[in-house]
Amino acid sequence: MVVSVIYAVSTGQIYSINNRDMKVILEFNLPEDEQEHRRCVHATDLCSFIWDFQDYLRTQHKYADPPEGIDKIYEKWFDLLGENDIHMDKLYT
């Protein structure tokens, strides 16, 4: 079973029927929605950047002779991820 789901970028509404064998169609009105389109197209790149930077922070915090203030940066990083509902364990497994 394939279910089409249309995500309306401009309104931020998601229409969802169920979670089984779901097909998602993102629809953009270009050039008006160019920024939203670019964000979706580059979402994997951004996710990779977040993962890599988070790993760098963790390594510096845990193993290296950490620079002064790294603890505050490390804590703020995870606060911001949480505030923005970004859960890396759900994006990268």
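Coordinate-derived values only; no laboratory data. Small disclaimer: the values here were computed from a predicted structure and weren't measured.
Of all residues in the stretch 31-64, those being within 18 Å of residue 86 (Cα to Cα) and not in a helix (DSSP H, G or I) number 1. Filtered by the rule that a residue be of a type in the set (Ser, Thr, Tyr) and closer than 20 Å to residue 88 by Cα, the stretch 24-70 gives 44, 48, 56, 59.
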